[in-house]
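The values are calculated or read from the model by the stated rules, or taken from the named source; none is laboratory data. As the structure is a prediction and not an experimental result, all values here were calculated from the model. With ideal geometry, Cβ positions are generated from the backbone for all residues, glycine too; neighbour counts draw on all protein chains shown. Quick note on the areas: whole protein, heavy atoms, side chains included, nothing else; ligands and nucleic acids left out. Shrake-Rupley method; radii C 1.70, N 1.55, O 1.52, S 1.80 Å.
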Amino acid sequence: MTRLTVTGLRKSFGPTEVLRGLDLDVPSGALAAVLGPSGCGKTTLLRVIAGFEDADSGEVRLGDRVVVDGPRGLAPEKRRVTVVPQEGALFPHLTVADNVAFGVPRRLAGRRGRVDELLELVGLGGLGGRMPSELSGGQQQRVAVARALGPAPDVVLLDEPFSALDAALRSAVREDVRTALREAGATGVLVTHDQEEALSVADVVAVVRDGRVVQAAAPEHLYRAPADLGVAGFVGDAVVLAAEVADGVARTVLGRHALMRGDQVLEGRGLVSVRPEQIHVVRSGRAARSGQEGVPARVTGTTFFGHDATIRLEVRAPDGSAVPVLSRTFGPLPAEGEDVGLVVAGPVSFFVED
């Protein structure tokens, strides 16, 4: 297994600086999701790691090997890095087995056995004789992953490989791909703009903004303790409220809230980020039974998704203005216009105003 370390990477195209001193550390055998909006530098990062683009400055290490040193770097074929492109890019005139064999070194003894082993690894055992056109989109992506694992690479780069799949397939295929990478012992870097995908499949999520990694952490930590409001709003939904903090407690229109451990030393006015699932709706009958009435609010609308639902609400600020709030729930939905109470569960993230 190989650790991937990117340090101070810079890359410009003409006057446009795309990578601006980007740092990234991916532990050996881990899958890192590089998450960010279009144009933030995600794909350029992948192309520099793969050797398809030269860096202006900075360094890329694979284990103890320096593969990028400023504008100098090893040839792509010498890096032990493979790429799974967005559309799979299989050879349409070759069988599934021959597509996978394309990635397996010709000098390898037992080459055909290695192909069969790779197809089993990605859940396509027995389908080696088919043509790519006879496979579903999800199966084609699995073949592309098997081909990328053929040379036993140190690092596999995945460039939004699931974006063309429908929602029903996407979750199953990415889990299969994650399992295949883990069993092969390869370190992986997945480029995506899909927050759910990044959080659900990666060991480390790196949020890229304007050519830099603004936060890299385990998915749960990133979601629960975002580094700034930009990360909070980009990785999932966030309710942002004006707040005043004193003695380790934040006060907002939703009441008093405990702070994340790292925020407890902060004081003054600022903003807090609350996840919608932290905001519990208490209806009048239940409030009487539980003894928790919560902060008064009015329901302005609901959206049902099947696995959960969101409730849009308004809370009155001390100056009389209406503050919009979003709650996520798994229970029965209140009616539009209904008066309810709101209770915030768990700590919130606080950010001092600039």
Checklist entry - Within the stretch 10-63, which residues are assigned to a strand (DSSP E or B), of a type in the set (Ser, Thr, Tyr) and surrounded by 21 or more Cβ atoms within 10 Å (Cβ to Cβ)? => result none
Next on the checklist: Out of the residues in the stretch 94-129 meeting the condition of being assigned to a loop (DSSP other than H, G, I, E, B) and closer than 24 Å to Ser171 by Cβ, tell me which one is most open to solvent (accessible area, probe 1.4 Å).
Outcome noted: Gly126
Checklist outcome for this item: For Val205, the lone unmet condition from (1) surrounded by fewer than 23 Cβ atoms within 10 Å (Cβ to Cβ); (2) touching a helix residue (DSSP H, G or I) at 6+ places or on another chain (Cβ under 7 Å) is (1)
Checklist entry - Within the stretch 22-48, which residues are in contact (Cβ under 8 Å) with a residue 24 or more places away in the chain, of a type outside the set (A, V, I, L, M) and within 15 Å of Arg10 (Cα to Cα)? => result Asp23, Cys40, Gly41, Lys42, Thr43, Thr44
Checklist entry - Got at least one residue in the stretch 150-161 being touching a Pro at 6+ places or on another chain (Cβ under 6 Å), of a type in the set (Asp, Glu) and under 21 Å from Leu22 (Cα atoms)? => result yes
Item to check | Qualifying positions in the stretch 323-354 - more than 16 Å from Arg283 (Cα to Cα), open to solvent by 40 Å² or more (accessible area, probe 1.4 Å) and not in a loop (DSSP other than H, G, I, E, B) | outcome: Pro324, Val352
Checklist outcome for this item: Of the residues in the stretch 74-85, those that are open to solvent by 50 Å² or more (accessible area, probe 1.4 Å) and assigned to a strand (DSSP E or B) come to Val83
Next on the checklist: Just the residues that are surrounded by 20 or more Cβ atoms within 10 Å (Cβ to Cβ) and not aliphatic (A, V, I, L, M), please, taken from the stretch 235-256.
Outcome noted: Thr252
Checklist entry - Going through the stretch 131-189 one residue at a time, which ones are under 16 Å from Val83 (Cβ atoms), part of a helix (DSSP H, G or I) and without any contact (Cβ under 8 Å) to a residue 40 or more places away in the chain? => result Arg142
